[in-house]
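Some notes on the structure that comes next.
The values are calculated or read from the model by the stated rules, or taken from the named source; none is laboratory data. The structure displayed is predicted, hence computed values, not measured ones. Every residue, glycine as well, gets a Cβ built from its backbone with ideal geometry; the counts of neighbours run over all protein chains shown.
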Amino acid sequence: MKKVFLTIIMSSLLSFSILAQLAENSWVVSAGGIYPRFVNVNITATNTNYGGFLSIQRNFTEHVGLRLTGSYLHLEGEWGTPVITSETNALLGSLDVLYYLVPCESVSPYLYVGGGINYRMLTNKATATLDDNAASAQMNAGLGLEWGLTSELKLLTEAAYHLNSNSEFDGAIGIGEINGKDSYMTVKVGILYYFSKGEPSKYCQLYSGLAAERKVQIDYERIEEIVKRYIPREVVKEVVVEKPAETEKTKAEKWILVGVNFEFNSAKITPESYPILYDAAKTLLQNPNLNVEIQGYTDNIGSEAYNKKLSQKRAEAVKNYLISKGVSANRLKAVGYGEANPIGDNNTAEGRAMNRRIEFKIQ
């Protein structure tokens, strides 16, 4: 008699934590490097441009945040004949408003606008009458991406355009300005750390593919009845009477995801399957040392070769879903077994439904 160890992954259906652990409000610090570049100045490969930043940010909702940033920039440009290489060193303070377009995903794009004050220090300049040191205002506009690494850490990538309030920032007056004002662009790469979070967000959906107002009706009592009906009685007898207590590792040796279904003759996951798959993703994220083989199975309707191919596609679909929720691809292996290893009677509709299943085998 084959032994099947069942773990039904359905608890915590109403848990709203995802990889990014999105909260209704949060505090964030970030730091990293900057590549700045004048827009209106001739620049060659020999010019040196670099910088760094440190920010603190308050996210008031899932979509809206306010960020205070301090930066240092070193920019160079070339002017005239003979060539004069201008050098601008600047200290900047900026206050920006951020809007997250898709806050619930592990890769979250955002837009921002704001302004600030820069204090520039010219070590070389094309216009000799300019003061070496002076302050001016500037406007900022940009877009970026936050890439989820852990529940608290993210990678930041960002590109922005900055417009100064005068034409002195680059060390030259009257050459290449936009409406009499200097401008430059920046590219940032850095790390964000969410050091304080409020209540878990109730905004994000547990799974993709369903509208917020749609309610999925799942008959848990019927699923439990089917599971009990097809658990071999001999296994229960061995576990309770004849065998010593199993270890936690043995109990978790295999999961059968009861309720994970696909459209007929297709690898498209049905909507009612997403809560179960979401819970499976959460379990894997909470146990980073677990590697699993995703096993796809079908009933015996159709040819053996076709069923094996279909089961492979279904296993791949589940793998892709788990990866989209933040589970590392190198922890997952998708294998289709077709109509092999049935756990139900293929002569009945309920038995065939049990055989059309996804199993996770711990490796």
Mind checking which residues of segment 253-272 are touching a helix residue (DSSP H, G or I) at 6+ places or on another chain (Cβ under 9 Å) and modelled with pLDDT of 80 or more?
VAL260, SER266, ALA267, LYS268, ILE269
Tell me, please, whether a residue that is in contact with a Pro (Cβ under 7 Å, 6 or more places away or on another chain) and in a strand (DSSP E or B) can be found in segment 86-104.
no
Just checking, which of ILE358, ILE323, ILE343 is touching a Leu at 6+ places or on another chain (Cβ under 6 Å) and either at pLDDT below 90 or surrounded by fewer than 18 Cβ atoms within 10 Å (Cβ to Cβ) (or both)?
ILE358
Look through THR48, THR61, THR81 and report the one residue that is touching a strand residue (DSSP E or B) at 6+ places or on another chain (Cβ under 7 Å) and at pLDDT below 95.
THR48
Given the criteria more than 29 Å from TYR99 (Cα to Cα), in contact with a Leu (Cβ under 7 Å, 6 or more places away or on another chain) and either in contact (Cβ under 8 Å) with a residue 24 or more places away in the chain or not assigned by TED's automatic domain parsing to the domain that holds THR69 (or both), does LEU143 qualify?
no
Could you please let me know if ARG37 is surrounded by 14 or more Cβ atoms within 10 Å (Cβ to Cβ), under 36 Å from the mean Cα position of the chain (by Cα) and assigned by TED's automatic domain parsing to the domain that holds ILE173?
yes
All positions within segment 121-159 that are part of a strand (DSSP E or B) and more than 22 Å from LEU66 (Cβ to Cβ)
MET121, LEU122, THR123, ASN124, ASN133, ALA134, ALA135, SER136
Within segment 45-101, can you find the residues that are more than 21 Å from the chain's Cα centre (by Cα), buried (at least 20 other Cβ atoms within 10 Å of the Cβ) and of a type in the set (Phe, Trp, Tyr)?
PHE53, TRP79
